[in-house]
Amino acid sequence: MQENKSPLTISQALKLYTGTGFAGTVLGLAAYEVLFYLGAFVCMTLMIMLGEGILYPEAVSNIAETPAGDCVMVFAPTLINIIVLLSQYTKDKPGGKLFRTVKGGFGTFVNYRTGVYICELLSMLLFGAAALLLDITGMAKIHGGLSAVIALVVSNIAAIGVITFILPVKNEFVLGAGSVITMFAITCSCTILLPMLSDNLIPHLVTGIAGAVLAAVSSKVYFTHYRKNRWDS
Amino acid sequence: MENAVEIKDLTKKYKDFTLDVSAVIPKGFSTALIGANGAGKTTLIDILCGVSARTSGDAVYFGSMTDTDDDGLRNRIGYCSSANFFPLDWKLKTVAECMAIGFDNFDRARFAELCAKWKLGSPDEKKQKNMMKMSDGNRMRAALAAVLARDTDLLVLDEPASSLDPLARDQLCEMFREYLTERDGERSILFSTHNIADMEFATDYAIFMANGRVIEQGFVEDLKEKYILVHGDAEDGNRAKPLMMSYSANSTSYEGIALTENSANLEAVGAITERPTLQQLSVGILRKAEEDAGK
């Protein structure tokens with residue numbers, strides 16, 4: 001008998017696993033990230049206004065003088081990315097058993113995870129554009145400017161690549177804590193250091209390429225491990 | 001007799017547990033998988049539905065299909081696990097949309113009809129509760145509505161009655177009958193249960209499991225011919241006990257299960273024999289398995 005194994009498309013797989021389509025997931029993630037950033041920036045600005053007794057524009061200028069504001073910018077997309085990355089739908093989680101019986105089986109799962117990576121990247125780009133817009137309009141200031149925003153995007157790709165390597169860790173506390181520490185270590189240091197290293201974007205390009213290669217390799221390793229130890233267990 | 005599934009030496013090895021099963025699920029009937037907690041019922045169901053991989057052995061579905069990764073087979077099996085089958089943030093609308101994406105044979109109108117029948121609301125309503133806010137029973141009803149809204153040949157349900165109230169269990173039994181009679185002789189059901197008394201009406205064939213193995217299987221009517229329920233006064237218990245498979249006693253009486261071939265000898269020692277219910281049969285067979293395992 002001819003066997004029939006057709007994984008759902010990336011968009012269908014995303015819709016199936018998350019209940020939201022491709023565009024909805026990207027826009028949703030970007031919206032959460034921008035709102036988180038704005039909330040954190042406003043909070044930081046208020047603290048400076050109250051602490052130093054200065055007005056809003058001056059407080060924003062103060063933030064722009066140091067990379068502290070850039071760290072705030074890193075927090076928002078980084079935390080959201082971690083939360084999405086750690087949703088693994090193992091058999092013991094709600095929906096875990098259903099997803100093992102749908103069309104395409106493991107192929108559909110691979111497409112779902114691939115969709116998650118693409119959505120994270122696209123939402124990061126949208127977030128970067130929004131952060132630059134806020135910088136231009138003066139609502140929130142980025143010390144490193146465009147260079148810092150590009151550094152944030154490329155370092156997130158690298159961080160996702162590294163975290164994918166540790167996703168097989170079964171202990172949820174170790175996995176959660178390890179992911180947060182790794183993600184912030186990579187993205188914060190890159191976002192602050194890369195703009196200082198060079199006036200051009202070559203370090204950014206190198207980080208981006210290295211991150212993309214790392215993400216591709218770690219995904220391959222993750223899928224192989226997941227199939228053997230979680231999916232087929 | 002044709003079988004919906006033939007299970008041949010199917011094994012699954014864990015550190016502290018081994019499942020080793022050979023059994024059949026007859027085509028056109030409702031089969032109950034009966035066993036104590038930890039007997040291996042869920043493990044077996046998960047393997048049969050492609051949720052877990054087997055260590056060795058085969059399961060042949062519908063005469064020729066063997067690969068649970070095959071979408072053709074996936075579409076013919078309607079599977080539902082015991083708890084939290086859907087993510088907790090899903091609403092009925094999400095369930096309908098996602099089931100339509102995940103399976104070729106999902107009928108949204110039928111799903112809406114079943115949701116209405118079980119007073120879950122409509123998947124088309126604007127304001128809906130998500131799964132997290134539903135009671136355990138309603139979550140199970142939603143999962144059953146989703147699986148019954150698919151045009152399948154085999155239903156495999158893990159503890160479908162465990163979180164349902166008595167009325168809903170009765171409705172579930174009726175639905176089993178409707179499902180089987182809709183395409184008489186073509187469709188089959190496999191379900192696991194602890195509430196065998198409530199599900200007796202829906203059970204044609206029974207597979208008893210203990211410690212990862214099948215200890216008895218057969219059509220319920222045949223099993224009721226094979227075994228008898230034995231009871232009597234406590235003072236006669238010691239004479240009846242050697243002839244019985246399972247035995248329990250209190251200060252005034254004893255009760256248990258015995259093979260029908262021993263009925264004359266049992267009556268000779270003052271025992272009363274009766275045709276057992278499936279519940280009594282289950283208790284007797286599982287008690288015997290527990291005693292054997294303890295030896």
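Data overview
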read-out: Tally of residues being away from chain A (no Cβ under 14 Å) and part of a loop (DSSP other than H, G, I, E, B) across the range B:98-118; value: 2
read-out: Positions within the range A:78-113 being assigned to a loop (DSSP other than H, G, I, E, B), more than 8 Å from chain B (Cβ to nearest Cβ) and under 16 Å from B:Ile47 (Cα atoms), in sequence order; value: A:Thr90, A:Asp92
read-out: Qualifying position, being over 16 Å from A:Tyr222 (Cβ atoms), part of a helix (DSSP H, G or I) and touching a residue at least 40 places away in the same chain (Cβ under 8 Å), among A:Leu132, A:Leu122; value: A:Leu122
read-out: Tabulated pairs, the range A:79-103, first farther than 18 Å from B:Val147 by Cβ and free of Cβ contacts under 8 Å to residues at least 24 places away in the same chain, second of a type in the set (S, T, N, Q) and in a loop (DSSP other than H, G, I, E, B), C-beta under 9 angstrom, 6+ apart or interchain; value: A:Lys93/A:Ser87; A:Lys93/B:Asn84
read-out: Checking B:Lys27 against (1) within 11 Å of chain A (Cβ to nearest Cβ); (2) under 23 Å from B:Thr193 (Cα atoms), the condition it does not meet; value: (1)
read-out: From A:Ala40, A:Ala64, residue being more than 14 Å from chain B (Cβ to nearest Cβ), touching a helix residue (DSSP H, G or I) at 6+ places or on another chain (Cβ under 6 Å) and buried (at least 16 other Cβ atoms within 10 Å of the Cβ); value: A:Ala40
read-out: In the range B:38-97, the residues that are within 7 Å of chain A (Cβ to nearest Cβ) and of a type in the set (Lys, Arg); value: B:Arg74
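Read-outs throughout are calculated quantities, based only on the coordinates presented, and are distinct from any laboratory measurement. Just so it is clear, the structure is predicted and the values come from calculations on it, not from any experiment. Because the Cβ atoms are built from the backbone with ideal geometry, glycine has one as well, and the counts that use them run over all protein chains shown.
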